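Q: Okay, handing you the structure first.
Every number in this text was worked out from the coordinates using simple rules, so none of it is lab data. Keep in mind that what you see is a predicted model, and the values were worked out from it rather than measured. No Cβ is skipped: glycine too gets one built from the backbone with ideal geometry, and neighbour counts run over all protein chains shown.
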Ligand code: ADE
């Protein structure tokens, strides 16, 4: 899967994809991440990409021309399934959205700054608007990195069988059961007996029960019928 991320702060995205699973996915050829500097598409000498808002008000607005030039260049080179704008007023990211996006071939992601981007970019080019939660960050780069991470780990072949994304919290609509590793006892705190029993069916039943209990306690909203 290919990601093209358009940003005014490309160096902010130097590191998030260069470690662990996200780096391995690229090494295996399962994902490709391209970061584009919006300023390279600025049309004026100062290389500015924002301007004052029509109608007045505080903050600057990112202009349509640089985004349009970058998006149109990318689209002339290949087809894209989606152009996603990371914004706090988008649809809140969840596992179902990540699952859906992990089946795509190529997506463009736009990172906003300042007050946001000219509405016409959203109307003309953007096919999906995604928020990572009800809080405002200073730009869309970290949200974009989070979205890429949520998607890439779902691409077939990225995770090994043992760490399969199918066993993640949320994949079955429930939170994960508690997990433990050695030692079996630490300062009197013991691992639940059942996990040491070697009885697979009973362990699975215990885990199912714990998942349900944890979800009921922490996220009862997940158990409500749609
Ligand atoms: N840009 C700024 N805040 C954001 C958020 N919460 N989600 C996505 N993009 C954003």
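Q: Using alpha-carbon positions, what is the distance between the centroids of the stretch 48-87 and the stretch 147-182, in Å?
A: Using only Cα atoms, the two centres lie 34 Å from each other.
Q: Separate question: In what order do 31, 20, 106 fall by count of nearby beta-carbon atoms within 10 Å, going from fewest to most?
A: Ascending Cβ contact count within 10 Å gives the list 20, 106, 31.
Q: Which order do peptides 201-210, 147-156 fall in by mean Cβ count within 10 Å, highest first? Please list the in-between numbers first.
A: On the way: 201-210: 13.4, 147-156: 19.8.
Ranked from most to least packed, the peptides come out as 147-156, 201-210.
Q: Could I ask something else about it? Which percent, nearest 5, of DSSP beta bridges in the chain are antiparallel? List each step's numbers first, then the result.
A: Details: 4 of 26 bridges.
In the chain, approximately 15 percent of DSSP beta bridges are antiparallel ones.
Q: Then there is this: What does the highest-first list of 184-192, 55-63 look like by mean Cβ count within 10 Å?
A: 55-63, 184-192
Q: I need the calculated FRET efficiency for the pair residue 199 and residue 223, taking r as the beta carbon distance and R₀ as 35 Å, to the nearest 0.05.
A: Computed FRET efficiency for residue 199 and residue 223: 0.80.
Q: Same structure, new question: If neighbour count is taken as other Cβ atoms inside 10 Å, put 70, 111 in order from fewest to most.
A: 70, 111
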